[in-house]
Amino acid sequence: MRIKSGVLFFVVILSLLIVLPNLSFAQKEVKIGVILPLSGPLAPIGKSLKDGAELAADIVNKKYPGIGIPIAEWEGIPGLGGAKIKLVFSDSRGDPAWGAEQAKRLIEDEKVVGLLGAYQSAVTKTASVEAERAGIPFVNPDSTSPDLSKRGFKWFWRVTPHETWFTRDLFDFLDGLVAGKSPGVKAVPKSELEPLAVAVENTEWGAASLTEIEKFAKERGWKIAEGFKYPHKATDLTSESRRLTGSKAPTFLFASYVSDAILFVKAMKEMKATPKVVWGQNAGFIAPDFWKTLGGDVNGIVSRDVFAAVLGKVKPEADRINKIYKERSGFDFDGSSARDFIGVQVWAHALDKAKSTDPKVLQKALNELHIPGKELIMPWKGVKFGSPFPGDTNQNELGSGIIIQYQGYPDGKPEIVFPFEMATSKLIYPFPGWK
Amino acid sequence: MVRLRQLLIDIFSFRDRPRFERIGFLIFILIVLIFPWMVTSAYGRAVMIKFLLFALFGLGWNLIGGYGGQVDLGQAKNVGFGAYATALMIVWWKVPFWITVIPGIVIAAAESFVVAYPMFRLKGHYFAIATLCVALVWKELFIFWDWTGGARGVELPIRSGVDFVYMQFNSPIYYHYFILFLFLMQFFFVNWFRKSKLGYEVQAVRDNEDAAASLGINVYRTKVINYTIAGGLGALGGSFMAVYYLYIDPDAVMPLDLSILIAMTVMVGGAGSIWGPIIGAAILIPLDMYLGAWLGAQKRLGIDFMIYAMIMMVIAAKEPKGIWGIIERVRKKRTR
Amino acid sequence: MELAVQLIVYGILMGLVFALIALGLSLIFGVMNIVNFAHGEFMMVGMYIAYLLSTFLPLDPLLSLPFAAGAGYLLGVVSYRLLIHHILRGPMVAQLFGTFGLMLFLRYLAMYIFTPDVRSIKQGILVGKTLSMGWINVDASKVFSAGVCVLAFAAVYWMIYRTKLGRGLRATSIDSEAAKYMGIDTKGMNALAWGIGGATVALAGALLAHFYYVTPTVGMLFTLIAFATVALGGFGSIVGAFIAGILIGLIMVISGQFVSELKFSFIYAVYFLVVVFRPRGLFGW
Amino acid sequence: MLKVDKIKVNYEGIPALHEVTLEVHQGELVAMVGANGAGKSTALKAIVGAVSPVSGNILFNGKDITRQETAKIVRLGVVYVPESRRIFGPLTVEENLLLGAFTADSEEEVRGHLDYVYGLFPRLKERFRQRGETLSGGEQQMLAIGRGLMIRPKLLMLDEPSLGLMPKLVTELFKTISLLKEEGYTILLVEQNVREALEIADRGYILQTGRTIHTGGGKELLESDTVRKAFLGL
Amino acid sequence: MMLEVKNLVKEFGGLVANGDISFALRQGEILGLIGPNGAGKSTLFNCIAGYYKPTGGEILFEGKDITGWSPHQVTREGIARTFQGIKIMPNLTVEENVMIGAFCRTGDRQVAQKEARGILDLMGLTGEAEAFPTGLPIAAQKRIELARAIATKPRLLMLDEMAAGLNPLETKEIIQILQKIKEEKKLTLFLTEHVMEFIMTVSERVIVMAAGKKITEGPPVEVARQEKVIEAYLGERYAKGR
């Protein structure tokens, strides 16, 4: 008898597990599914992505007077009669298979109108396949692997510039230094910056970064002394750091997540390395944990980014948003949180334009979407999907990257040093070294 | 003819099992068959598919870990071989799915055979850690090599509609019956295996190596062959993963976590019983997926894993023989 | 030449820390034949203690070492009493999963309490100081840690081979039934082994926290390295753990210099080759 | 001094001892003999608490020690020298001896006992730094007994001490045992060397298939036919 | 000759367990091997069955040199054995235990099952076929071991301490079974024993070992009277005392 009741109990629980997620209460809201790495090694970044997206949804849904961008005035989506945006978060665990299953759940069970996410390019790949099959729009604000927009998907839009773009920015920056375009810095002889030494983590994203860097280096005539991949989540990076310093290259380029970025900086400090330029490919190099942990040791490091709090100096909207964000999370707005912010913003505009939640209509709206730069918090020319690089489809053409430099830490803020015309501060050159 | 008939009986018959097991199995098959029509939730269906996938993995691992009694913590490498064989052959040469399955199984079996020879010089924990190391080396190699796509993985071209050549479908219902078919194939293979000469030899070696040798069993060879077969079976599920997720990379198809989860489903369900992997997967997979979906994106992280871990520890401490152990005990008490 | 010396120095310094991490695992296995998957998580606890004490008290992280060791000891004993004791009789699979469950539990408990943020110790006498000796620049805290590792090994070695308690521990590991007839409380000895195991690895964690980051998921990597170290040296052998730790540190640093992507493969491959020829490791009993 | 009353022991559900009753008085040497598998070792293990009886009582000096922890029983002065010696092979002779005194509290006392054991077995003193496993069979047996004497036990239980020893050494061993008896030790001896054991014993018990089937004075048993029947089948 | 052992030596790191043992076993004979504990009987058994590699000497089975063969090869050649301590597969039923023995000669499960049932019948174990062996009394477990060994269709059967742990009644039963099987299957038996009653009634001839050496051989009654045998068994003084 006991087993029977046990079995019964089990069956009841199981059916509850299956049925319960379907019970949601009809309200006037539009559900957007957000897949992010909320646990696992990338959880720290996942948290700031989530904070950024939540802030954007809040700004759309409530009135925030005086920010200066349209969505702050909306109180819901006007095109849908003031419907509120509801973000349904789901943890990808950084696992592509898990990400795909969560995408399925969000699409079919949560009945989301569309998806947003998923940061790691590998997860974005599988999750967007589910969206493509189901015919549901997937807006990707935060993955930068060039492959993603080259698949010809019809239900996939990427807002952020991708790696090719950022790498072009990097070489524009280096060439600009040589040409003396950087405000306040004398023209640097190319021989002082050559050769380059590149260390990337051994992931989809790292591997793509290395390929792009090698491609552009060849195109622009920069020599590479060392270019290697290292196992991510390493127990120790001393020998890799030694390999960099041992190469005697004056320019170090990295593509690393937080934990490895910290280890590299610590190891280079330990070895008293004296590079002229230390450049990070976003990710770990802009995470709050990075500068919180390293304090003054980050000064002089440059990183590619899409947003910096100092943008407020040139873009007052950004400053106001940053204030609200800082109040909520305790940190400055950064490249990660800003990108998921803009992802939600793109969704809001698309929904407003479509005036419907029908996927086909949304698809059309997204394809035709044009948000001018002044309505964004980003220093971009706007959002418009097209094909900026050969092979791209539904890739934002009007985006752009910036390069920031940590200055005056632990009290300072990252300053923009590229594009040169947007620079908020003079570039500290050469890299000051570690004390 | 007689032999063929006998073989078919051996494959499909459960006459040697008690009646309640046969009835239980029938009910189980019935539920699985009608499941997609009863449950419309996509996540529910995805959970079901993942459950069948892990039950399939568990059946394969059960050969070495349950019937063979050797703790193998490297089954993920075989899953990876299967997944990569399928994915790469489809991408490179557009080979139909069903043809790619065979090289996947052959490669996994061949690799298992080669590493088994040195590995079975080891016993117990040394063996377990060696299997773990071998799997990790393969994973690093697959990331390292360019021809496998390295860390960028392999993306399969998406096909629209229902495609039985490349086994791609736009509805989970097809995938459900597809994995169910693979599962049943493996299930009946294991059903045959446990009653075959090799199956009995494997169990004899597990229970007592000296006694097994005294009955004319070549202990070393038996272990190697068993490990080889188990390796081959692991690849089948890998092939499915490739066409189901349509994107694979080494972190997704051959991580340590996968090896451990496979072994764990069998352990929780009850190692060495054909029902063990099914019961284990039926408990762990829905538990993990629903806990993850409900509690995974909360303000405070980790509750889902903590609950999961508690359950694992309680089972390990209180019922080392798994859920099947409880059922057996209750039954023995009743018959007594 | 310069390169060789640098690599050897870095390898040995790192290897000594690996050795200290592996020591507890080896000891626990030697006494009761059980592999602890949660070993790296014990280390993580040590790291968090060093971090918390140095950030919130604030205490110099050096002074947090005894607290970390003490907490590790307690954690080891409590784990033994509450969990390990109950899974000892079970088959090996059940043991593996019991400790695996413990690993998940500790890791996600830490994530629940501390969030997944990456942290590190910022202040301390040794933190961030570099020692220069000719060509070689070494983090002062790494040198200090290596020294503490050697001392800890010496202390454990002395405890095991020179004291009455250590004698009881060895007797339990050789023949636990006979040890019982000597009037030795073998359960107590098991708990002691877990205590020492926890204390040494938490100490290693507190040392590591000086130059490494702290995050809830930090353990698994070190657990795997510790497995390879212990199996390479021979389960249960203290000297084996010491030598194998240094060896693995060297392999890691040298392969990191040349084929960084495969450096873990090299460690596992070396382990695999060694055990194939010596199935009980270099110094196994 | 020791009183075992009708104990019954099961191994995994199968009875190993059905009903064993025996008594040992202060200063006595009691021999327990019987065929392999008769349950002699199990009886000793039950007394020392290594296996727990399902029924019956064990009293030591009037105190109930049934199902107590081994460590506690040893502290009371009941020492079991196990079958096939079970010395700690990788440890030195002296370490082995010191382990015998694990329950002793004062260092000085231990040193005294060590000297005493070395006095009894000078061979052990000669080899005190050698690893236990390198000793010969006879020396290992000395070591096992010496280890048992390290806490000056109130009751010494020897399990098949002559096992695997050459006949000459067996004779020597029995001399040692009678010497111990003269020193005033209370000894419970389990043996296969029936004659020699019964010859030096004050009293004897015969065990068959888990039961005490016969009891009496050592010499008396020796004369009886039962012994010869049980062992030679003649 | 069924089995010939010539000058067999087995050392364990300097300790001589078997020193220069020679004997022969005729077709259809029942040979007993007796001696006190530690005399080296089990070592000798293990050398013949392939569990130990002899340090020196030769073992011939039906004229074929099987020295140093692996245990499974020895079994396939036609020598089966039982173990001193019971070595049974606890997770398989009684019938399955015996089937594994039968699989030595066939790959067909049906055949193996039929054979196993036949042997179980012979052993009087039919009622326990579906049971798990660990729950059964020792006497039944011993019989399962015996049944399993017979299922491999040996010509020579080696029994290590068959009667250890059995009471006289059970011992008698097993003797009867042994004699019945021997006739039916035309077996040659080689047994070691501790319980003298058993070996003396069953054996046609006995070998006596002590301290790793063969002392004597001959018919049981004769051997039992020999002074050196009694000495080896009961000690020097017992022999003299008589």
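The values are calculated or read from the model by the stated rules, or taken from the named source; none is laboratory data. What you see is a predicted model, and the numbers here were worked out from it, not measured in a lab. Quick reminder, even Gly has a Cβ in these numbers, built from the backbone with ideal geometry, and neighbours come from all protein chains shown. Surface accessibility is based on the protein's heavy atoms, side chains included, excluding ligands, DNA and RNA. Shrake-Rupley method; radii C 1.70, N 1.55, O 1.52, S 1.80 Å.
Observations, loosely collected:
- Candidate set: segment B:194-243, residues that are among the polar types (S, T, N, Q) and under 17 Å from the mean Cα position of the chain (by Cα); chosen: the one nearest to B:G276 (Cα to Cα): B:N226
- Only one of A:A56, A:A97 that is more than 10 Å from chain B (Cβ to nearest Cβ), part of a helix (DSSP H, G or I) and open to solvent by less than 30 Å² (accessible area, probe 1.4 Å): A:A56
- Filter pass, B:D210 being in contact (Cβ under 8 Å) with a residue 12 or more places away in the chain, in contact with a Pro (Cβ under 8 Å, 6 or more places away or on another chain) and within 13 Å of another protein chain (Cβ to nearest Cβ): no
- Only residues that are surrounded by fewer than 18 Cβ atoms within 10 Å (Cβ to Cβ) and part of a loop (DSSP other than H, G, I, E, B) were counted across segment C:124-174, and they come to 5.
- Members of segment E:75-108 that are in contact with a strand residue (DSSP E or B) (Cβ under 8 Å, 6 or more places away or on another chain), of a type in the set (D, E, K, R) and either surrounded by 24 or more Cβ atoms within 10 Å (Cβ to Cβ) or closer than 19 Å to E:A140 by Cβ (or both): E:R81
- A Cβ distance below 9 Å, combined with a sequence gap of six or more or placement on separate chains, defines the contacts here; from segment A:103-116, residues that are more than 23 Å from A:I342 (Cβ to Cβ) and more than 9 Å from chain B (Cβ to nearest Cβ) reach residues that are open to solvent by 10 Å² or more (accessible area, probe 1.4 Å) and in a loop (DSSP other than H, G, I, E, B) in the pairs A:K111/A:S24.
- For segment A:177-187, a residue qualifies if it is surrounded by 20 or more Cβ atoms within 10 Å (Cβ to Cβ) and modelled with pLDDT of 90 or more, and exactly one does: A:L177.
- Options C:L96, C:L27: the member that is open to solvent by 10 Å² or more (accessible area, probe 1.4 Å) and outside any loop (DSSP other than H, G, I, E, B): C:L27
- Output for segment A:146-169, where each listed residue is of a type in the set (G, A, S) and crowded, with 24+ Cβ neighbours inside 10 Å: A:S149
- Candidates B:V32, B:V39 - the one that is modelled with pLDDT under 90 and either within 13 Å of chain A (Cβ to nearest Cβ) or open to solvent by less than 40 Å² (accessible area, probe 1.4 Å) (or both): B:V39
- Listed by position, the strands (runs of 3 or more DSSP E) contained in segment A:333-435 that have at least 1 residues being crowded, with 17+ Cβ neighbours inside 10 Å and touching a Pro at 6+ places or on another chain (Cβ under 7 Å) are A:382-386, A:402-406.
- Hey, A:A273 farther than 14 Å from C:S120 by Cα, away from chain C (no Cβ under 12 Å) and not in a strand (DSSP E or B) or not: no
- Looking across segment E:109-126, just one residue is open to solvent by less than 10 Å² (accessible area, probe 1.4 Å) and assigned to a loop (DSSP other than H, G, I, E, B), and that is E:L125.
- From the options C:G183, C:G188, C:G245, C:G195, residue that is small (G, A, S), out of contact with any Lys or Arg (no Cβ under 8 Å at 6 or more places or on another chain) and closer than 21 Å to D:L91 by Cβ: C:G188
- Output for segment C:226-254, where each listed residue is under 24 Å from A:V200 (Cβ atoms) and open to solvent by 10 Å² or more (accessible area, probe 1.4 Å): C:I251, C:I254
- Of all residues in segment C:173-217, those that are within 14 Å of chain D (Cβ to nearest Cβ) and aliphatic (A, V, I, L, M) total 8.
- Here C:G245 passes the criteria (1) small (G, A, S); (2) facing another protein chain (nearest Cβ under 8 Å); (3) not in a loop (DSSP other than H, G, I, E, B) except the one numbered (2).
- The requirement of being within 17 Å of the chain's Cα centre (by Cα) and either in a helix (DSSP H, G or I) or among the small types (G, A, S) (or both) is not satisfied by D:T21.
- For E:E161, the conditions (1) crowded, with 18+ Cβ neighbours inside 10 Å; (2) more than 17 Å from B:A211 (Cα to Cα); (3) in the same structural domain as E:K64 (by TED's automatic domain parsing) all hold with the exception of (2).
- C:L13 part of a helix (DSSP H, G or I), closer than 28 Å to C:Q257 by Cβ and away from chain B (no Cβ under 14 Å): yes
- Restricting the first member to segment C:234-250 and to residues that are more than 15 Å from C:F29 (Cβ to Cβ), and the second to residues that are assigned to a loop (DSSP other than H, G, I, E, B), the beta-carbon pairs closer than 8 Å and six or more apart or on different chains are C:I243/C:L282; C:I243/C:F283.
Yes/no matrix, rows are residues, columns are (1) outside the structural domain of A:K276 (by TED's automatic domain parsing); (2) in contact with a helix residue (DSSP H, G or I) (Cβ under 8 Å, 6 or more places away or on another chain):
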residue	(1), (2)
A:Q363	yes, no
A:N367	yes, no
A:K384	yes, no
A:S387	yes, no
A:P390	yes, no
A:Y406	no, yes
A:G412	no, no
A:K435	yes, yes
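- Within segment E:122-155, the set of residues being in contact with a Lys or Arg (Cβ under 9 Å, 6 or more places away or on another chain), more than 10 Å from every other protein chain (Cβ to nearest Cβ) and in contact (Cβ under 8 Å) with a residue 40 or more places away in the chain comprises E:L122, E:M123, E:G124, E:I150, E:R155.
- Qualifying residue in segment C:140-161 (condition: closer than 30 Å to A:I45 by Cα and either more than 14 Å from chain D (Cβ to nearest Cβ) or out of contact with any Pro (no Cβ under 6 Å at 6 or more places or on another chain) (or both)): yes
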